[in-house]
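Trainee: For reference, the structure I am asking about is given below.
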């Protein structure tokens, strides 16, 4: 193929993959494969500059904004960066700069910042107030997502500069940052979506992009997004620091969130060392990065160097080795969770990704498998990011040879051979057999966990072994274990058995709230368990409640009510409860009425969120009740006040949506006379 024809083909391919990545949030090739296509195009255009066209992807940044949002003209180009893939590339970049520097041999210092894998946004402040937020779009025109960005608690709505700080605050200031999904919150978020039967997001970047580009800000508000800011785009009316290192500190002092992982580097050798240190560390932090951004610290000098196409000369992105690889899907295995959800997992031809050999990866659910048309025998693209479980992005259809087999959802549970269940409107497939051996292992693990019955002497391996040996057929059997029979097992010495049994016996002294939590009823965690037992007094009262009665409990919606009512209506679960009762487990709540000190808060309903300065949540609840108030678990139109501390989450967002007043601990104390 002639060079001119190859350029046309490469432009089409790169533009297609840009569209998949930036607009559809559904990439079909790895970053490394995209980089190879892009750099081949750059090289060919460099060899034939007469063939460069204005619509070439090398001449623009990002992708076109969606028509669903109003358009925003950026005050300055929001550009991407050229890439380096090794320390040698880094020094070659420095060498290329020599012809543009006032003195080719002049010493340069640098700042190395994490290259966040999220969604770039541009924040505009007028007289210190947040007035507009936009996506990068095509680098010149972005999408107006102001209302969605207002829901991010990390973004200051008003720049909190103290009068005595000495900082100059420009009346007009535009800041660049990256919105992203913390990895731990992403896993929990996807788990909640799976439990609710909702489609899963494939990776944290797509989750961040999809969450921010919602037409309804209420949806964005409940997503645990955050942001790091790292650059000043434009300003008027005041000066700003001239070095990148000082600008990061300036942003931090103004009240913007700035990554603590950026480092100052006195020379390129220090940059190279920082890069090498980052490669193993990338999987130990709580956000996705795919490299580091290296910037000349002297910003006026860097800006004076101009651009190469769309790339500023004064900075470069050093990409980490790819954590996406292609390999072969050998088989699909099914795992069963404690709630009975059947989760398909990929068995892969072993492949090294980011220093780890990956043999298994999640396929999320059978709807995703069908939507992507993933088949056994396919060559598939696999991604590993941080501590997030590796997952299959999709198949490489071009490499099919016709021997691939379609994956079908199981009709029966592979562990107990009972028919599976699917609830209309949900993507999850369930095994609802409480005696399913594999499901039982997960239920036992949850029952003895710290957040449930807290039986510290009982480990997950012990549970699996006792189930395999026939000692445990349901979770109540934990309380009927025979000491002599346990001593007959290999590795079970007297001290181990006695510790195990004493821990189980001690758990009978746990509260009914913990016991209800440990039963693993869908959507019933510790907070909901407390609300239910406050309302009905005991598990017996709860079992007798109708779905309608359950819904009258503040903080218990239709979904929770249905889950609880269905669980207690199942005869197998009722039999399980009787077995627990005979073993001496607590059925009645031991919560006692709080002695009321004053009536200052009588008739007022509070919700507590975040970390308070001096009180735990339990202490704050007792304090409110001691002054006549009531505490519930979720914010609603009936909530009078939200008591919020640091790191307040979705409850704060909900309170703002419903115009519920937000109190600090100090303000709460003032309400009762400074007690």
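Derivation of every value follows stated rules applied to the coordinates shown; laboratory data play no part. Note that the coordinates shown come from a computational prediction; the quantities given were computed from them, not determined experimentally. Backbone-built Cβ (ideal geometry, glycine too); neighbour counts: all protein chains shown.
Trainee: Arrange 532, 90 by Cβ neighbour counts within 10 Å, fewest through most, would you? Write down the numbers at each step before the final one.
Mentor: Working: 532 27, 90 19.
The most exposed by this proxy come first: 90, 532.
Trainee: Mind pulling the per residue volume of the convex hull built on the Cα atoms of the stretch 324-422? Å³ is fine. Don't skip to the end; give the middle numbers.
Mentor: On the way: hull volume 10.4 nm³, N = 99.
Per-residue hull volume (Cα only) is 105 Å³.
Trainee: I've got another one for you. Roughly how far apart, in whole Å, are the Cα centres of the stretch 597-675 and the stretch 210-283?
Mentor: 33
Trainee: For the stretch 512-583, what D do you get in µm² per second when you plug the Kirkwood radius from alpha-carbon pairs into Stokes-Einstein at 37 °C and 0.692 mPa s? Write down the numbers at each step before the final one.
Mentor: On the way: Rh = 12.0 Å.
In µm²/s, the coefficient is 273.
Trainee: Compute the separation of the alpha-carbon centres of the stretch 73-133 and the stretch 372-438 and state it in Å as a whole number.
Mentor: 42
Trainee: With no solvent and one equal point scatterer per Cα, compute the Debye intensity ratio I(q)/I(0) for the stretch 605-671 at 0.15, 0.21, 0.25, 0.28 Å⁻¹ and report its log10, rounded to two decimals.
Mentor: Ignoring solvent entirely, the Cα scatterers give -0.38, -0.78, -1.13, -1.41.
Trainee: Something else about it: With the alpha-carbon atoms as the only input, what is the per residue convex hull volume for the stretch 365-505 in Å³? Don't jump to the answer; show the numbers that get you there.
Mentor: Details: hull volume 25.1 nm³, N = 141.
Taking the convex hull of the Cα positions in the stretch 365-505, it is 178 Å³ per residue.
Trainee: Something else: At what distance in nm do the modelled label points of residue 588 and residue 234 sit from each other, each positioned 7 Å from its Cα along Cα→Cβ?
Mentor: A separation of 7.1 nm, rounded to one decimal place.
Trainee: Got a sec? How would 442, 338, 581 order by Cβ neighbour count within 10 Å, fewest to most? Before the final figure, lay out each step's value.
Mentor: Numbers: 442 21, 338 17, 581 14.
Exposure proxy ranking, most exposed first: 581, 338, 442.
Trainee: Moving to a separate point now. Find the Rg to Rh ratio for the stretch 166-281, where Rh is the Kirkwood radius over alpha-carbon pairs and Rg uses the same atoms. Write out the running numbers ahead of the final one.
Mentor: Numbers: Rg = 18.2 Å, Rh = 17.0 Å.
Looking at the stretch 166-281, the ratio lands at 1.07.
Trainee: While we're here: Taking only C-alpha pairs under 8 Å that are 6+ residues apart, what is the relative contact order of the stretch 320-419 in percent? Mind dumping the intermediate values first?
Mentor: Numbers: 194 pairs, mean separation 25.2, N = 100.
So the answer I get is 25 percent.
Trainee: For residue 218 and residue 105 in one chain, what is 0.36 nm times their gap in residues minus the Cα-Cα distance, to one decimal in nm? List each step's numbers first, then the result.
Mentor: Working: separation 113, 0.36 × 113 = 40.68 nm, distance 5.45 nm.
In short, 35.2 nm is gained.
Trainee: Using Cα pairs under 8 angstrom and six or more residues apart, how large is the relative contact order of the stretch 615-675, in percent?
Mentor: Values: 44 pairs, mean separation 17.3, N = 61.
Result for the stretch 615-675 is 28 percent.
Trainee: Still on this model: In percent, what relative contact order does the chain have, based on Cα pairs under 8 Å that are 6 or more apart in sequence? Don't jump to the answer; show the numbers that get you there.
Mentor: On the way: 1212 pairs, mean separation 65.6, N = 675.
Across the chain, relative contact order equals 10 percent.
Trainee: What do you get for Rg/Rh of the chain when both radii come from the Cα atoms and Rh is the Kirkwood radius?
Mentor: Values: Rg = 28.9 Å, Rh = 28.7 Å.
Radius of gyration relative to Kirkwood radius: 1.01.
Trainee: Mind checking the log10 I(q)/I(0) for the stretch 437-509 at q = 0.14, 0.20, 0.28 Å⁻¹? Debye, one equal scatterer per Cα, no solvent, two decimals.
Mentor: Log10 I(q)/I(0), no solvent term: -0.37, -0.79, -1.57.
Trainee: On average, how much area does the Cα convex hull of the stretch 226-353 cover when viewed from any direction, in nm²?
Mentor: Values: hull surface 51.4 nm².
Here the figure is 12.9 nm², rounded to one decimal.
Trainee: A further question on this structure: Describe numerically, in nm with one decimal, the distance between label points set 7 Å from Cα along Cα→Cβ at residue 36 and at residue 508.
Mentor: 6.5
Trainee: Which ordering of 99, 281, 176 is given by a fewest-first count of other beta-carbon atoms within 10 Å? Provide the component values of the computation, followed by the final result.
Mentor: Details: 99 7, 281 12, 176 19.
Placing the least packed residue first, the sequence is 99, 281, 176.
Trainee: Then there is this: How are the C-alpha pair distances of the stretch 79-193 spread across 5 Å bins, as whole percents from the shortest bin up?
Mentor: Over the stretch 79-193, the share of Cα pairs per 5 Å bin runs 2, 8, 13, 14, 14, 15, 13, 12, 7, 2, 1, 0 percent.
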